[in-house]
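Engineer: Got a structure for you, questions after.
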Amino acid sequence: MAIRKWIGLVLGLTFAYALCRYVVFGDVAWVNVPLYVSNKAISWSGVIFFGMSLLAREKTRRQAYGTVAAAAIGAHLVMSLMVLNPNYFGKFYGPGGRLNGVGELSMLAGVVGLLYLGGLFVKNLTGSTGNGSSLRAGWGRMVLWFAVLHVGIMGYGGWLKPETWPGYLPPITLWSFLMALGFLFLRSRKTGT
């Protein structure tokens, strides 16, 4: 399938899922679709595209998926900063409006993963071919491990309570966690590491 079609398919499916889970079956208002709900789909898409970039055999596909992943994750960062407050993410905050331990650890994992991603993106922009299929050995896996930590710390509390899932649809943090682990497994099988 053509790269653009894959990108459209992934974005379309993640957005449709987020819309169903949070608006149709959940209690999120339609007015929150442009930023809050879209952010969930975009962040999940970023994980998928990044994993696809690690598994792609052709350099053009690796670069295309990696670039789209970096754009999606960058958009996720900006969108998250716009809504990062106790009204949207109460479980990340303690009394007095400061981030609690869960909020700080999850955000720290996201920032460290973003730093690894940024290093890969800069290396890609400089035209470096890196080492075979890797721009910087092991950095792609680090991005995924920190994504696992970021969403794992953030979402683990609700994963084992399917009765609380809107429409019995699993949380996007759980999907992202499982997909990042899946991509790590597949990548290790591909490289033998």
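The values are calculated or read from the model by the stated rules, or taken from the named source; none is laboratory data. Because the structure is a prediction, the values reported are computed rather than measured. No Cβ is skipped: glycine too gets one built from the backbone with ideal geometry, and neighbour counts run over all protein chains shown. Surface accessibility is based on the protein's heavy atoms, side chains included, excluding ligands, DNA and RNA. Shrake-Rupley method; radii C 1.70, N 1.55, O 1.52, S 1.80 Å.
Engineer: Could you please give the count of residues in the stretch 71-97 that are assigned to a helix (DSSP H, G or I) and loosely packed, with under 13 Cβ neighbours inside 10 Å?
Structural biologist: The qualifying residues number 4.
Engineer: Does residue 177 satisfy the condition of being modelled with pLDDT of 95 or more and assigned to a helix (DSSP H, G or I)?
Structural biologist: yes
Engineer: Just to be sure before I move on: is residue 68 free of Cβ contacts under 8 Å to residues at least 40 places away in the same chain and farther than 17 Å from residue 157 by Cα in the structure I sent?
Structural biologist: no
Engineer: Step by step: first the residues of the stretch 1-46, then only those that are of a type in the set (Phe, Trp, Tyr) and touching a residue at least 40 places away in the same chain (Cβ under 8 Å), then the one that is surrounded by the fewest Cβ atoms within 10 Å (Cβ to Cβ). Which residue is that?
Structural biologist: That would be 25.
Engineer: Please tell me if residue 170 is modelled with pLDDT of 90 or more, assigned to a loop (DSSP other than H, G, I, E, B), within 22 Å of residue 11 (Cα to Cα) and not hydroxyl-bearing (Ser, Thr, Tyr).
Structural biologist: yes
Engineer: Within the stretch 176-186, identify whether any single residue is out of contact with any Asp or Glu (no Cβ under 6 Å at 6 or more places or on another chain), surrounded by 19 or more Cβ atoms within 10 Å (Cβ to Cβ) and of a type in the set (Gly, Ala, Ser), and answer yes or no.
Structural biologist: yes
Engineer: Determine, yes or no, whether residue 157 is under 20 Å from the mean Cα position of the chain (by Cα), at pLDDT below 95 and in a helix (DSSP H, G or I).
Structural biologist: yes
Engineer: While we're on this one: From the list 9, 35, which residue is within 20 Å of residue 67 (Cβ to Cβ) and part of a helix (DSSP H, G or I)?
Structural biologist: Result of the check over 9, 35: 9.
Engineer: Are there any pairs with C-beta distances below 7 angstrom linking a residue in the stretch 125-152 that is modelled with pLDDT under 95 and open to solvent by less than 60 Å² (accessible area, probe 1.4 Å) to a residue that is part of a loop (DSSP other than H, G, I, E, B) and charged (D, E, K, R), with the two at least 6 apart or on different chains, and if so which?
Structural biologist: Between residues of the stretch 125-152 that are modelled with pLDDT under 95 and open to solvent by less than 60 Å² (accessible area, probe 1.4 Å) and residues that are part of a loop (DSSP other than H, G, I, E, B) and charged (D, E, K, R), the close pairs are 130/136.
For every residue, the table says whether it meets (1) modelled with pLDDT of 95 or more; (2) out of contact with any Pro (no Cβ under 7 Å at 6 or more places or on another chain).
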site	(1), (2)
4	no, yes
10	yes, yes
26	yes, no
31	yes, yes
35	yes, yes
38	yes, yes
41	yes, yes
46	yes, yes
50	no, yes
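Engineer: Could I ask something else about it? What do you reckon, is residue 60 outside any loop (DSSP other than H, G, I, E, B) and either buried (at least 21 other Cβ atoms within 10 Å of the Cβ) or touching a Leu at 6+ places or on another chain (Cβ under 9 Å) (or both)?
Structural biologist: Considered against the rule, which asks whether it is outside any loop (DSSP other than H, G, I, E, B) and either buried (at least 21 other Cβ atoms within 10 Å of the Cβ) or touching a Leu at 6+ places or on another chain (Cβ under 9 Å) (or both), residue 60 comes out as no.
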